[in-house]
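Trainee: First the structure, then my questions, so here it is.
The values are calculated or read from the model by the stated rules, or taken from the named source; none is laboratory data. Keep in mind it's a predicted model, so treat the numbers as computed, not measured. Methodologically, a virtual Cβ is constructed for each residue, glycine included, from the backbone with ideal geometry; neighbour enumeration extends over all protein chains shown. Calculation scope for accessible area: heavy atoms of the full protein, side chains included, ligands and nucleic acids excluded. Shrake-Rupley method; radii C 1.70, N 1.55, O 1.52, S 1.80 Å.
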Amino acid sequence: MGPPGAGKGTQGTKVAEELGIPEISTGAVFRWNIAHETKLGIKVKKIIDAGDLVPDCIVEALVEDRLAQPDCASGFLLDGFPRTIHQAHGLDTIMGNLQIALDAVISLIVDAETLAYRMKKRATIEGRTDDTEETMRHRIEVYTRETAPLLAYYRERELLKDVDGIGDVDTVHDRIIAALA
């Protein structure tokens, strides 16, 4: 977890590779189901094509289906889910249904100035149109309003591990691995 620009995508991929577990990105799950024209994928495509947000019940069904796949039996890393308290409760239900439990929730701690710098750099390097000044501000507001409350939720359950997200990729990665040990 962490605000936009904290390094979640970069670190998630690196940690999943090191641990030999799949990185489960809700965006990737959406794309896979759409490409394979699954029943849920067809429904998701219609919603996305209409410009609407995918309802929690559908996101949760897709995540549950993905976590039930054999490659997740030895563990997995979630990227982009849960994003809200409602989705966290949904994840609790999913985990209960699958008779598994979360080991940890990593929160990358990065100051606002560093976030802005990283997102501007990413926009330049990757040509990302979603990293404009206005969208960056909006995404941070959405994170603060909807996703940040999850930190307290997971802290209460003693699952949250705060990790300093400032530094080069390898240094932050080493901090995450140490927090998981």
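Trainee: Just checking, does the stretch 119-132 include any residue being without any contact (Cβ under 8 Å) to a residue 12 or more places away in the chain, closer than 16 Å to P3 by Cα and in contact with a Lys or Arg (Cβ under 9 Å, 6 or more places away or on another chain)?
Mentor: The answer is yes; a qualifying residue exists.
Trainee: Further question on the same structure: What pairs come up if the first residue lies in the stretch 69-98 and is within 26 Å of E141 (Cβ to Cβ) and of a type in the set (F, W, Y), the second is open to solvent by less than 60 Å² (accessible area, probe 1.4 Å) and modelled with pLDDT of 95 or more, and their beta carbons are under 8 Å apart, counting only those six or more places apart or on different chains?
Mentor: F81/L91
Trainee: Please specify each residue of the stretch 135-181 satisfying the condition of being acidic (D, E), farther than 19 Å from E18 by Cα and assigned to a helix (DSSP H, G or I).
Mentor: Across the stretch 135-181, the qualifying residues are E141, E146, E156.
Trainee: Select from the stretch 104-126 the residues that are open to solvent by less than 50 Å² (accessible area, probe 1.4 Å) and assigned to a loop (DSSP other than H, G, I, E, B) and write down the one among them that is farthest from H86 (Cα to Cα).
Mentor: V110
Trainee: Limited to the stretch 2-21, what total is found for residues that are at negative phi and open to solvent by 20 Å² or more (accessible area, probe 1.4 Å)?
Mentor: 9
Trainee: Here is a follow-up. Within the stretch 54-67, is even one residue open to solvent by less than 30 Å² (accessible area, probe 1.4 Å), outside any helix (DSSP H, G or I), over 25 Å from P149 (Cα atoms) and not acidic (D, E)?
Mentor: No, the stretch 54-67 contains no residue that is open to solvent by less than 30 Å² (accessible area, probe 1.4 Å), outside any helix (DSSP H, G or I), over 25 Å from P149 (Cα atoms) and not acidic (D, E).
Trainee: Could you check how many residues of the stretch 82-102 are in a loop (DSSP other than H, G, I, E, B), within 16 Å of the chain's Cα centre (by Cα) and modelled with pLDDT of 90 or more?
Mentor: 2
Trainee: Restricting to the stretch 26-53, give me the number of residues that are open to solvent by less than 30 Å² (accessible area, probe 1.4 Å) and either under 13 Å from the mean Cα position of the chain (by Cα) or among the small types (G, A, S) (or both).
Mentor: Qualifying residue count, the stretch 26-53: 4.
Trainee: Could you look through the stretch 141-164, keep only residues that are in contact with a helix residue (DSSP H, G or I) (Cβ under 7 Å, 6 or more places away or on another chain) and either of a type in the set (A, V, I, L, M) or open to solvent by 50 Å² or more (accessible area, probe 1.4 Å) (or both), and pick out the one that is modelled with the lowest pLDDT?
Mentor: P149
Trainee: Considering only the stretch 68-79, state which residues are part of a helix (DSSP H, G or I) and open to solvent by 70 Å² or more (accessible area, probe 1.4 Å). Steps first, answer last, please.
Mentor: In the first step, residues of the stretch 68-79 are kept if they are part of a helix (DSSP H, G or I); the result is 70-72.
Across the stretch 68-79, the qualifying residues are P70, D71.
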